[in-house]
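Here the structure comes first, spelled out in structure tokens, and everything after it is commentary.
The values are calculated or read from the model by the stated rules, or taken from the named source; none is laboratory data. Bear in mind that the values here come from a model prediction, so they are computed numbers and not experimental data. As a convention, Cβ positions derive from the backbone with ideal geometry for all residues, glycine included, and neighbour counts pool all protein chains shown. What goes into the accessible areas is simple: the full protein's heavy atoms, side chains included, and nothing from ligands, DNA or RNA. Shrake-Rupley method; radii C 1.70, N 1.55, O 1.52, S 1.80 Å.
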Amino acid sequence: MRRLVATVTIVAAGDQDGRAGMVATAVMSVAANPPSLAVGVNREAGVWKAIQRSGRFSVNLLSNTHTSLVLPFSGQLQGEERFTLGEWETHHTCVPYLADAVVTLFCRSEASVDYGTHTVFIGAVEDIRFSPNANEPLLWRNGSFANAVSLEDLIG
């Protein structure tokens, strides 16, 4: 599994009871019509409970400038304390999102499948926000951060 290259994201959810978020690389597009994605969430994670309560979540694609958010959202900090780092705002659906993420996808949970320790949530994408100043997406490859470089740039 270490050989699977993935975009690093923060999945976030929240409501009047608070916000929760976690780093996730288990995110994938499901369909273009209707626009949808799947995200795998451990049922012990606080964000799992928040998605179950609210039925909504955001997927924030991190840029190569967001490496400092990865450890805090991977367990170094807990709950609301995680949101003291980065530029977090609240969407009109009450879902938290990272203002300078490469792109944020706002989803409504349409279906879910439990497998092992995780739930795979299928989210209908209801809104998309692009950051005008975003850098390249942050990738995870073989246990460390990576950048995407086009083959044209490498070959010259």
Among the residues that make up the stretch 54-68, is at least one of them closer than 18 Å to Ser131 by Cβ, touching a Cys at 6+ places or on another chain (Cβ under 9 Å) and crowded, with 21+ Cβ neighbours inside 10 Å? yes
Let me confirm something: among Phe73, Phe106, Phe121, which residue is out of contact with any Ser or Thr (no Cβ under 8 Å at 6 or more places or on another chain), hydrophobic (A, V, I, L, M, F, W, C) and buried (at least 18 other Cβ atoms within 10 Å of the Cβ)? Phe73
Filter the stretch 89-103 down to the residues that are in a strand (DSSP E or B) and in contact (Cβ under 8 Å) with a residue 60 or more places away in the chain, then identify the one that is surrounded by the most Cβ atoms within 10 Å (Cβ to Cβ). Leu98
Checking Gly40 against (1) out of contact with any helix residue (DSSP H, G or I) (no Cβ under 7 Å at 6 or more places or on another chain); (2) within 20 Å of Ser131 (Cα to Cα); (3) surrounded by 15 or more Cβ atoms within 10 Å (Cβ to Cβ), which single condition isn't satisfied? (2)
Within the stretch 134-156, considering residues that are touching a residue at least 60 places away in the same chain (Cβ under 8 Å), assigned to a loop (DSSP other than H, G, I, E, B) and open to solvent by 80 Å² or more (accessible area, probe 1.4 Å), the one nearest to Thr65 (Cα to Cα): Glu136
The condition from (1) open to solvent by 60 Å² or more (accessible area, probe 1.4 Å); (2) under 12 Å from Ala12 (Cβ atoms); (3) touching a helix residue (DSSP H, G or I) at 6+ places or on another chain (Cβ under 6 Å); (4) hydrophobic (A, V, I, L, M, F, W, C) that Leu85 misses is numbered (2)
Which strands (runs of 3 or more DSSP E) sit wholly inside the stretch 14-62 and have at least 2 residues that are free of Cβ contacts under 8 Å to residues at least 40 places away in the same chain and aliphatic (A, V, I, L, M)? 27-32
Identity of the residue in the stretch 124-133, touching a residue at least 24 places away in the same chain (Cβ under 8 Å) and part of a loop (DSSP other than H, G, I, E, B), that ends up least open to solvent (accessible area, probe 1.4 Å): Ser131
